[in-house]
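The values are calculated or read from the model by the stated rules, or taken from the named source; none is laboratory data. This structure is a prediction, so every number in the text was calculated from the model and none was measured. For neighbour counting, all protein chains shown are included, and Cβ atoms are generated from backbone atoms with ideal geometry for every residue, glycine included.
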């Protein structure tokens, strides 16, 4: 299943960016909203962003429409409406928390005049996270508020989001197995680099030695809504605070999953190859534990992070190795076609360049992941 999801994700990157006519989609959405008397002739509707799953339109000055056009996430099994229902359920749970977008409207079933589903939310005027200390402080505060929600009146029922939102009860075993599944095609490939293969085998072996420590997560039990995808542009940062967007990979589980993904060198390098200094990493953790404003909860999450915090980075490392190998083959052909065309596909070329850059940094990032896996357990 993991490899099926990975292959579907990679192929979706090409199909979503090359086959969808965004101009026609915008006009169809405009007509659909006008028919429902939601949009008038004076309202502006313009393309704002195009991700792997959603095409986002800005509606006037204060709203967004998130149209689900693709489902690279295997949990939705290719069904656009399930993606919209999933993200909508999370935004409903978060109502009043001021941690992300407010849900203003939705279409969860495709209609004859608009064969896609969508969410209507408010627009947040801000920019992506840049790893400055000010942004690290704001992101730490937002994650602390998210993770302590089950202890806040009105948000105790996070488990009611299941089974729509997956409940991850044994994250170490799950992440280790997924990491191994991601790594195996690379290890089996004749095009694999021997140094990287040795590195992947070493980090997987080291991670396996830590699986028994998962019992500590049961001893120090705590679960909450976890965002799980902390790429820098999944944050919108304003002068006042940091907001989380794009919840399609969310889970119910250990808050250490968020901390581990946020601090993973594989996550951090997505912002122009950035490397987070150790002092800034510790600054973020200190700010996070202080923002919890709950000494007991802070102690629990510190145990979770010591036990589980390296595993999101492990899984991402193995995913990146396979992703780089696979997309280099697919995107090299696509880039050649794009460069030969009068209308070059800059998105395809940029993705190829990111994949190549990631491969070049694999050895360094692998060493960082190994250091995390060698840190002492509580």
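Here the condition is being farther than 16 Å from residue 369 by Cα, surrounded by fewer than 19 Cβ atoms within 10 Å (Cβ to Cβ) and either at pLDDT 95 or above or not assigned by TED's automatic domain parsing to the domain that holds residue 84 (or both); of 216, 244, it holds for 216 alone. Filtered by the rule that a residue be surrounded by 19 or more Cβ atoms within 10 Å (Cβ to Cβ) and farther than 16 Å from residue 304 by Cα, region 197-213 gives 199, 200, 203, 204. Residue 178: more than 30 Å from residue 95 (Cα to Cα), touching a helix residue (DSSP H, G or I) at 6+ places or on another chain (Cβ under 6 Å) and at pLDDT 95 or above, yes or no? Yes, satisfied. Residues in region 38-56 that are in contact with a strand residue (DSSP E or B) (Cβ under 7 Å, 6 or more places away or on another chain) and part of a strand (DSSP E or B) were compared, and the one that is surrounded by the most Cβ atoms within 10 Å (Cβ to Cβ) is 54. Would you confirm, using the coordinates I've provided, whether residue 187 is touching a helix residue (DSSP H, G or I) at 6+ places or on another chain (Cβ under 6 Å), over 26 Å from residue 298 (Cβ atoms), in the same structural domain as residue 252 (by TED's automatic domain parsing) and crowded, with 19+ Cβ neighbours inside 10 Å? Answer is no for this residue. What do you reckon, is residue 334 crowded, with 16+ Cβ neighbours inside 10 Å, over 23 Å from residue 195 (Cβ atoms) and modelled with pLDDT under 95? Criteria met by residue 334. Of all residues in region 103-138, those that are part of a loop (DSSP other than H, G, I, E, B) and touching a helix residue (DSSP H, G or I) at 6+ places or on another chain (Cβ under 8 Å) total 11. When the test is whether a residue is in a loop (DSSP other than H, G, I, E, B), modelled with pLDDT of 95 or more, surrounded by 13 or more Cβ atoms within 10 Å (Cβ to Cβ) and on the phi < 0 side of the Ramachandran plot, residue 100 passes it. Counting the residues of region 17-37 that are under 20 Å from residue 112 (Cα atoms) and outside any loop (DSSP other than H, G, I, E, B) gives 14.
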